[in-house]
Amino acid sequence: MCIDEICRREGIVLASLGGIVHYRKARITGHEVVLAKPMTYMNESGNAVRKLQRMFAFNLSDMLVIYDDIDLPLGELRIREKGSAGTHKGMKSVIQHSGSQDFPRLRIGIQSPGRQSADIVHYVLHPLKGKKFDLFQEGIVKAADAAQAILESDIHSTMNIFNRRKNSLLLQKGEAKTSTRRKND
């Protein structure tokens, strides 16, 4: 859904590649990119990455994988420069097919407050509704903003902005720093 948001913003329409992936080569913020959405089952997402690697011969460090994560609170983001798959089967497939875990990833939280481990499969396979859907949509918009920020600056600066937790005392993007100290007369 994040790729859909980026495409909506940029007026990009994806093309199908044999039912494995929808993609489009485009220019965003002055950078040439390939936007792609695997059309396979989630746990076979690596097939799409392998196909794209053959077509476009890119460095994995230049790839940003965006995916949902049940281990993050609904709508929250985490950006990492590299790392393991954790519990995500789609990411395990990407790592297996690419042969490396050294590539950036952007995770969008889908964890429902008070979820039980026994109902995870049911939860992830059914659409969100109401306030949960709204929180997820906010996460999608923030993820698209983060992907664009990575293109405009770098992953480390973007991580400093978007990896903040709610209730953090750190300043959010665009917030002004103010002081309550009195000057000595």
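Read-outs: derived from the displayed coordinates by stated rules, not from any lab. The structure presented is a predicted model; accordingly, all values stated were derived computationally and were not measured. Cβ coordinates were reconstructed from backbone atoms using ideal geometry, including for glycine residues, and neighbour counts include every protein chain displayed.
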What nm value, rounded to one decimal, do you get for the distance between N160 and E81 when each label is placed 7 Å out toward the C-beta?
-> 1.3
The range 10-117: chymotrypsin sites (Phe, Trp or Tyr not before Pro) in DSSP loop, at most 16 other beta carbons within 10 Å = Y41, F58
Does the range 32-88 come out rounded, prolate or oblate, given a ≥ b ≥ c as the square roots of the eigenvalues of its C-alpha gyration tensor, rounded meaning a/c under 1.5 and, failing that, prolate meaning a/b above b/c?
-> prolate
What is the gain in length, in nm to one decimal, between L72 and R8 on full extension, counting 0.36 nm per residue of separation less the C-alpha to C-alpha distance?
-> 20.5 nm
Taking every pair of alpha-carbon atoms in the range 2-162, what share in percent sits in each 5 Å bin, from 0 to the bin with the longest distance?
-> 2, 8, 17, 21, 23, 17, 8, 3, 1, 0
Number of Lys pairs (Cα under 24 Å; 8 or more positions apart or on different chains) in the range 2-162 = 21
